Amino acid sequence: MSVEILETADADTPAGAPAIVEAGNPLGVEPADTAMPPMRPDLQLIADMIPPRCRVLDIGCDQGDLLAALWRSKAVDGRGMELSMAGVRACVRRGLSVVQGDADTDLMTYPDAAFDYAVLSQTLQAMRDPKEVLCQLVRIGRRAIVSFPNFGHWRVRWALMSTGRMPVTRHLQYSWYDTPNIHFCTIRDMDTLCADLGIVVERRIVLFGNGVARDLPLGWRANWLGRDAIFLLRHARGSGA
Amino acid sequence: MPMAQMDNQAVTPYGTDHLPCRRAVVATETPLVLDCGQTLSHIPVAYQTYGRLNADRTNAVLVCHALTGDQYLIEPHPMTGKEGWWIRMVGPGRPIDTDRYFVICANALGSCMGTLGPREVDPATGKPWGLRFPVITIADMVRVQALLMDHLGIERLACVIGGSMGGMQVLQWAVLFPDRVMSAIPIACAARHSAQNIAFHEVGRQAIMADPDWHGGDYLTNGAQPTRGLAVARMAAHITYLSETALHRKFGRRLQDRAALGFGFDADFRVESYLRHQGITFVDRFDANSYLYITRAMDYFDLAAEHGGVLTGAFRGSPVRFCLISFSSDWLFPTSEVRDIVHALNAVAADVSFVEIESDKGHDAFLLEEPELFAVVHGFLDGLAQHRRVAPL
């Protein structure tokens, strides 16, 4: 793969990959059912994966955008956990059921299979013990949905290779000394860890730099070209029904 | 005269009969069995209501008051003339909007503003109950409130809300009557009273009982009032309601009405003067024996105790939608204690929200101007209304 191709920012979608979702709102058309601003693309993908009227725990729910959307569009019985008090207050003010809590310590307070889906979006890399958090997710949720930035993306690899310094990209804007992201991984790393933990990867959605997303098998295309990934997981012993 | 005839009438010659409030008498058919094993019947309950009950009786909100609180949420206090204690929270357009909700606040059992307590007359003796009044618990207070709801024809409350001891009652409501409570907002409270809090209460009780005017609890029949003891109790307690930051900001080491230290034991410092004022004004409106009984009820509060010491057992299967609120500078009921309740609710996958509000005002923050508190309560109640409409609980 040549440097010229790598530097073409928006050319990293595999040919023929169907666009599942468009980032942003190029036509300026509001969604029909709501005046809310469009959600972060990975949150929209996660929302699409969750069936109506189920029970969802959103860990690291921030201002509650996903929970609010799930409630509005699917009458989902949603709960949230958020570390920042500002985020929690914003959620409760919106009428969402959210507790201030730390996923590293508080997930163990929930019983087994308490939720149909446990969602952890763009947060796993900030956990002190991501392995334990993954185990907790597939314990308290009959399924877990985990989205994370892929450190194996070509831009990250190129940044490290070309500059010899820890990558700072448009997507990962922190310097090494102030980043909350203390446990980066690649898509391949996540598959390996899941296999080690007896966790089944039911779906592996890869988001490309141009906002296009598609289901991909584990392989070089996913791990080189995916800027983010969303994994649908369940414990191997769970029925998955 | 028989208590049964006293509905809407004077309850006692000792000072609550003139209070402007609604009155009911509950436990008229069946006596209420208290946690201590004794029974009470024909229990007068003084309460206030605000707003209107809707046709299907689903918009009722019960406010539970704190240790020394009362039923006067909005209107000026009939004895002190001060504004209602939760005028910032309850009223038209307020977070608990009386244009939407029917708000009830009842004087707690054991208190002294018209509901049965040690100041009222024991029909068996014709004299004030004094220390012959049975020791009551938070659960007993809640059972009396539930009887009041029966009296008012309210089967299910949209919300029960309260701070401090009021928060304890809210939790107790959710545990005793989960099917009668749609949502619960316990504020600045705990699932059990801590050793430190029991210790502070004991200081207050000893101050009252050390006052010779207490007369073994029979001061009313002796024409006396243990005002010094009660004032000291209030002063000690009041410190626990504030924070060091708030005390420092408000008073620092500033002197009271003088330019230099007085080299005596007058109130040299403003903080002393303030505390003395708090103590003196308190005795005009509160009964010393009620203070003993209610602090005892709080000391005895331990929700987990009835469930083998495991708090989760108290909440198992609870359909109640909870919103717990703590304040960052509250050291009487610190956030860690509220978080314990949250963890217990998580363990039974209950529907729970939890917010710690940044404030340097200490425990009393729930009574003060805290916009974040109002925003959270307002948002939570709005969310409740949405959920009930779209997907009834």
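The values are calculated or read from the model by the stated rules, or taken from the named source; none is laboratory data. Everything numeric here is computed off the predicted structure, so don't read it as measured data. Don't worry about glycine lacking a Cβ; one is built from the backbone with ideal geometry, like all the others, and counts go over all protein chains shown. Each accessible area value is taken on the protein alone, full model and side chains, heavy atoms only, with ligands, DNA and RNA left out. Shrake-Rupley method; radii C 1.70, N 1.55, O 1.52, S 1.80 Å.
Annotations
- Rounded to the nearest whole Hz, the Karplus-based 3J(HN,Hα) values (6.51 cos²θ - 1.76 cosθ + 1.60, θ = phi - 60°) of the stretch B:256-265 follow the sequence 9, 6, 7, 8, 9, 4, x, 6, x, 10, with x at glycine and proline.
- Using a cutoff of 8 angstrom between alpha carbon atoms and counting only pairs six or more residues apart, the relative contact order for the stretch B:215-314 works out to 28 percent.
- The modelled label-to-label distance between residue A:48 and residue A:85, using points 7 Å beyond Cα along the C-beta direction, is 3.9 nm.
- Across chain B, Cα pairs under 8 Å and at least six residues apart give a relative contact order of 16 percent.
- For a straight C-alpha distance cut-off of 13 angstrom, the aspartates and glutamates reachable from residue A:131 (same-chain residues fewer than eight places away being disregarded) are A:104, A:189, A:191, A:196.
- Of all aspartates and glutamates in the structure, those lying under 17 Å Cα to Cα from residue B:82, and not within fewer than 8 positions of it along the same chain, are B:70, B:284, B:364, B:369.
- For residue B:127, a cut-off of 14 angstrom between C-alpha atoms picks up these aspartates and glutamates, skipping any fewer than 8 places away in its own chain: B:218.
- Solvent-accessible area of residue B:133 with every protein chain in place, 1.4 Å probe, in Å² to the nearest 10: 10 Å²
- Pairwise label distance in nanometres, residue B:276 with residue A:112, each label 7 Å out on the Cα-Cβ vector: 6.6 nm
- Mean sequence separation of contacting Cα pairs (under 8 Å, at least six apart), scaled by the length of the stretch A:73-143, corresponds to a relative contact order of 29 percent.
- Size of electric dipole in the stretch A:42-234: Cβ of Lys, Arg +1 and of Asp, Glu -1, about Cα centre, debye, nearest 20: 520 debye
- Estimated FRET transfer efficiency when R0 is 35 angstrom, pair residue B:328-residue B:156 (beta carbons, to 0.05): 0.55
- Within the stretch B:126-186, the trypsin sites (Lys or Arg not before Pro) that combine a DSSP coil assignment with at most 16 other C-beta atoms in a 10 angstrom radius are B:156.
- In the elastic network of chain B, a GNM with C-alpha springs shorter than 10 Å, the most mobile of B:294, B:239, B:136 is B:239.
- Simple label model, 7 Å out from Cα along Cβ direction - residue B:245 to residue B:206, nm: 3.2 nm
- Scanning residues 5 or more positions from residue A:81 or on other chains, those with amide H under 5 Å from its amide H are A:58, A:59, A:60, A:61, A:99, with H placed 1.01 Å from N in the peptide plane.
- Using the Karplus relation 6.51 cos²θ - 1.76 cosθ + 1.60 with θ = phi - 60°, the per-residue 3J(HN,Hα) values for the stretch B:228-243 come to 5, x, 5, 5, 5, 4, 5, 4, 4, 5, 4, 4, 6, 7, 10, 10 Hz, with x marking Gly and Pro.
- The protein assembly as shown - mean residue ellipticity at 222 nm from DSSP helices (-39,500 (n - 2.57) per run, n ≥ 4, rounded to 500): -9500 deg cm²/dmol
- Applying 1/(1 + (r/R0)^6) with r as the Cβ-Cβ distance of residue A:192 and residue B:221 and R0 = 56 angstrom yields a FRET efficiency of 0.10.
- Sparse packing (at most 14 other Cβ atoms within 10 Å of the Cβ) combined with a DSSP loop state is found for the following GluC sites (Glu not before Pro) in the stretch B:305-367: B:358.
- Each part reduced to its alpha carbon centroid, the stretch B:128-199 and the stretch B:46-73 end up 13 Å apart.
- Residues whose amide H falls under 5 Å from that of residue A:203, counting only those 5 or more places apart or on a different chain, are A:232, with hydrogens built in the peptide plane.
- For residue B:75, residues with placed amide H under 5 Å, excluding near neighbours: B:84
- Largest GNM mean-square fluctuation among B:160, B:377, B:45, using chain B with Cα springs under 10 Å: B:377.
- Take the Cβ atoms of residue B:58 and residue A:221, set R0 to 60 Å, and the FRET efficiency comes out at 0.60.
- For the pair the stretch A:188-229 and the stretch B:278-311, the centres of their Cα atoms are 58 angstrom apart.
- Averaged over the residues of peptide B:345-352, the number of Cβ atoms from other protein chains lying within 10 Å of each residue's Cβ is 6.
- Taking 0.36 nm per residue of sequence separation and removing the Cα-Cα distance, the residue B:198/residue B:386 pair yields an extension gain of 63.6 nm.
- 3J(HN,Hα) along the stretch B:346-360, derived from phi through the Karplus expression 6.51 cos²θ - 1.76 cosθ + 1.60 where θ = phi - 60°, amounts to 4, 5, 10, 6, 6, 7, 9, 10, 8, 10, 9, 9, 6, 7, 9 Hz, with x in place of Gly and Pro.
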